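The values are calculated or read from the model by the stated rules, or taken from the named source; none is laboratory data. Here the structure is a predicted model, which is why all the values come from computation and not from measurement. Virtual Cβ from ideal backbone geometry, glycine too; neighbours counted across all protein chains shown.
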Amino acid sequence: MSNPNPPVHPAPAPRWFVGLAVLFLTVYGLFLATHATTVAGGSDSSGYLNSARLLAAGHLQAELRVPAEFGPPSGLNRALFAPHGFFPHPGNAQLPPTYPVGLPLHFAVAGQLLGWHLGPLSVELGSALAALCLCYLLGRELGIGPFLAAAGAAVLGTCPVFIFTSIQPLSDTLATTWTLATVYTAVRARRHRGWAAASGVAFAVAVLVRPTNAVLLPALVVLLGCDWRRLTLVALGGAPGALWLGYYNHTLYGGALRSGYLDWRAAFSSDYAPPTLLHFAHWLGLLLPAVLVVLPLAAPLARDFRNRTLVALALWFSALVAVYACYEVSREVWWCLRFILPALPALILAALLGLEALAQRLAATHRTAFLAATTAVLVVWAVAGSTYWTNRLGVLYTKGYEQVYADAGDAAKKLFPKDALVLSLNTCGALYAYTDFAILRWEQLDPTQFARFAALAQTAGRPICAVLFDTEEKDALRERCPGQWTRVRSVKNVGLWRLAPPPTPVPAQ
C-alpha cells in the first residue's frame, strides 16, 4: 500500500461520557441477562454445551449409547443413536462433535469456574458487552469521534440478530467479538508493534470459534502492511491456536484440515449467491438503519482519504459475506443473518467514516451540528427499529422456547425407567445432556427397521418411550414407528410417550 496512514492516538472522551457509557452497558447487560438462556436445547445449543461438558471432563468426544441387545455399534448405522451436534465418522469408534471447538472451550472454562448456568451465561453476556466495547474502541482508533463511535456500538447492540445470538448458547456473538478483537489489535499494532502478537492470538481464537473467520486474513495483512516484524509476531501469536486446532481435527476427524462437517463442500455453491445476497440486503435494510447500507460509498470522499483502512474494512465485510452467500441455508429465515454477524461491524464502521466524510464537505460552522443530528438520528432509528423488529420476530421468546427442552428432559428422567430406549429427533441433544437414556432417531427409521429394534428391546425387557414435539407425533408414531403408544405426560408442546409391550401369547390348552 502506498498510503498507510497510521492512525494517531485518539483524544480521550469526556469523563461524563465514559460514566454514561458504563451506565448504558450495565442496563444493556441486565436486559440481556433477563432474557438469556443456557439450556441445551436445539441442535446448536445442545451441541455446544454437550461438547463443553466433555472438554471439562477431559474428553474430546462422546460415547455412543447403544443398547447391548442391538449388538456391537460397528455393525449398526451409528447415526441412529447420535444426538444433534455429534456425528459418527468413518474410522472413529467414538462420537465426535460436529461443531467447532472454540465456543465449547469458552463454556468449559467458565463452567468449571462458575457452574453450568452462570458459566455459559457469563460467556454469552461477556462476549456481547465486549463486542460493543471493541466496536467503540475500534471506531476511535480509526479516528471516529466518541459520540459517533458510541452510536456505531449502539447500532450493533440493538440489532435484533445480535440480541438473538447473545441470549442463547450460539457462537455468532463470540465470533463477532474475537473478529473485532483481531482487527482492533491489528490497528493498534500500526502504532505499537507489540500489539501484533495479540492480534495473532485473537485471530487464532476467532478461527477456533468459527473456522470461516480465516477469510479475515487478507484484511489483517492490509492493516499491518508489508512489515515482516509485525507479520512474524502475528504468526507467533496465532501458532498455539493453530497447533491446537490441527491436533483436535486430526484426532477427531483424521486430518488437520478436516472438520466435523463430513461433506461441507456440498453445502456451498455459487448458485446460491444471487438469492442469498438479496436476502441479506433485504434484512440488513430492515434490521439496521437502512442508510448504513449506502453510507460506506461516501467514505472515499474524505479529505484525508484512508485507503488502507477502507480497503481492510471492505475485505473484512465482503470476504465473510461472500462465503455465506454461497451457503445453502443462509437465505432460509431472517436469523440466518447471524452467519454474517462478524461482518456487520465492518459495515457499520465504514458507514460512520462515510458520515464523517460528508460532514467534511460542509462549512466548518455546520459540521458539529450535522454530526450531532445524524448521530442522534442513527441511535433513535436503531432503537426504534430494534424495538419493532425484536417484538415482531419474537426474539425475546427464545428463553421460553428453549426452556421446554430442559423441562421435557427432567420429566422424562422422572417418568421413564432408567433403562428406557427413547425415540426422539428435535429433543435428542437435550436428552443426551440431561439424561442417560439411549436415544433412537426416529426420522431415519422405516417401520421394518423399527419393528426389528423394538423386538430386540422388548425381548431384553427394555421399555421403549418417546419425547416428541407435537409437530413430530404423526410422522414418528404413525408413519415410521407404529405401535400402541400411550401419552404419559405433556410438557407444553412436547409429549412423553410409552410403547405398550406386545401381548403375551396364551399357551395352548
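Assuming L355 fulfils every condition listed in (1) more than 21 Å from the chain's Cα centre (by Cα); (2) at positive phi apart from one, which condition is it? Evaluating L355 over (1) more than 21 Å from the chain's Cα centre (by Cα); (2) at positive phi leaves (2) as the failure.
The rows are residues; the columns are (1) surrounded by 18 or more Cβ atoms within 10 Å (Cβ to Cβ); (2) closer than 30 Å to Y28 by Cα; (3) hydroxyl-bearing (S, T, Y).
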residue: S386; (1), (2), (3): yes, yes, yes
residue: G429; (1), (2), (3): yes, no, no
residue: P447; (1), (2), (3): no, no, no
residue: E473; (1), (2), (3): no, no, no
residue: R489; (1), (2), (3): no, no, no
residue: V494; (1), (2), (3): yes, no, no
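What strands (runs of 3 or more DSSP E) completely inside the stretch 447-501 contain at least 2 residues that are of a type outside the set (A, V, I, L, M, F, W, C) and over 19 Å from D436 (Cβ atoms)? Spell out how you get there, then give the answer.
Details: elements: 464-469, 485-491, 494-499.
Those strands (runs of 3 or more DSSP E) span 485-491.
Can you list the helices (runs of 4 or more DSSP H) lying wholly within the stretch 305-416 that have 1 or more residues being under 23 Å from G285 (Cα atoms)? Give the derivation first.
Values: elements: 307-325, 344-360, 364-392, 398-415.
Of the helices (runs of 4 or more DSSP H) lying wholly inside the stretch 305-416, those with at least 1 residues that are under 23 Å from G285 (Cα atoms) span 307-325, 344-360, 364-392.
Just to be sure, is Y48 surrounded by 19 or more Cβ atoms within 10 Å (Cβ to Cβ), over 19 Å from A110 (Cα atoms) and either of a type in the set (S, T, N, Q) or modelled with pLDDT of 95 or more (or both)? No: the conditions fail for Y48. For the stretch 418-428, the condition holds for at least one residue, the condition being that it is part of a helix (DSSP H, G or I), of a type outside the set (S, T, Y) and touching a residue at least 24 places away in the same chain (Cβ under 8 Å). Sub-7 Å Cβ pairs linking a first residue in the stretch 74-85 that is within 16 Å of R452 (Cα to Cα) to a second residue that is among the aliphatic types (A, V, I, L, M), at least 6 apart or interchain, are L76/V66; R78/L64; L80/L440; F81/L64; F81/V66; F81/A438; F81/I439; F81/L440, ordered by first then second residue.
Quick one: which residue in G495, G461 is small (G, A, S) and at pLDDT below 95? Spell out the reasoning first.
On the way: G495 fails: at pLDDT below 95.
After ruling out the rest, the residue left standing is G461.
Contact map, the stretch 13-36: first residue in the same structural domain as L132 (by TED's automatic domain parsing), second residue surrounded by fewer than 11 Cβ atoms within 10 Å (Cβ to Cβ), Cβ cut-off under 7 Å, separation 6 or more or different chains; the map is empty. Can you find even one residue in the stretch 291-311 that is at pLDDT below 95, closer than 23 Å to A153 by Cβ, polar (S, T, N, Q) and assigned by TED's automatic domain parsing to the domain that holds E141? Yes - at least one qualifying residue is present in the stretch 291-311. For the stretch 455-507, the tally of residues that are touching a residue at least 60 places away in the same chain (Cβ under 8 Å) and of a type in the set (V, I, T) stands at 4.
Summed over the stretch 110-150, residues that are in contact (Cβ under 8 Å) with a residue 12 or more places away in the chain, among the hydrophobic types (A, V, I, L, M, F, W, C), part of a helix (DSSP H, G or I) and within 23 Å of A56 (Cβ to Cβ) total 6.
Give the residue, chosen from A181, A202, A219, that is crowded, with 24+ Cβ neighbours inside 10 Å, in contact (Cβ under 8 Å) with a residue 40 or more places away in the chain and either small (G, A, S) or not in a helix (DSSP H, G or I) (or both).
A219
Candidates G461, G483: the one that is small (G, A, S), in contact with a helix residue (DSSP H, G or I) (Cβ under 8 Å, 6 or more places away or on another chain) and surrounded by fewer than 21 Cβ atoms within 10 Å (Cβ to Cβ) is G483. Checked against (1) assigned by TED's automatic domain parsing to the domain that holds V39; (2) touching a residue at least 12 places away in the same chain (Cβ under 8 Å); (3) surrounded by fewer than 22 Cβ atoms within 10 Å (Cβ to Cβ), Q403 meets all criteria but (1).
Go over the candidates E63, E124 one by one and state the one that is buried (at least 21 other Cβ atoms within 10 Å of the Cβ) and among the charged types (D, E, K, R).
Values: E63 fails: buried (at least 21 other Cβ atoms within 10 Å of the Cβ).
On inspection, the qualifying residue turns out to be E124.
If you go through the stretch 139-171, how many residues are within 22 Å of the chain's Cα centre (by Cα) and more than 28 Å from G41 (Cβ to Cβ)?
Taking the stretch 139-171 and keeping what is within 22 Å of the chain's Cα centre (by Cα), we get 152-171.
Add one more test, that the residue is more than 28 Å from G41 (Cβ to Cβ), and what stays is 152-155.
Counting residues in the stretch 139-171 that are within 22 Å of the chain's Cα centre (by Cα) and more than 28 Å from G41 (Cβ to Cβ) gives 4.
Filtering the stretch 323-342 to residues that are of a type in the set (A, V, I, L, M, F, W, C) and without any contact (Cβ under 8 Å) to a residue 40 or more places away in the chain leaves only V333. With respect to being of a type outside the set (A, V, I, L, M, F, W, C), crowded, with 23+ Cβ neighbours inside 10 Å and closer than 25 Å to L288 by Cα, T212 falls outside the description.
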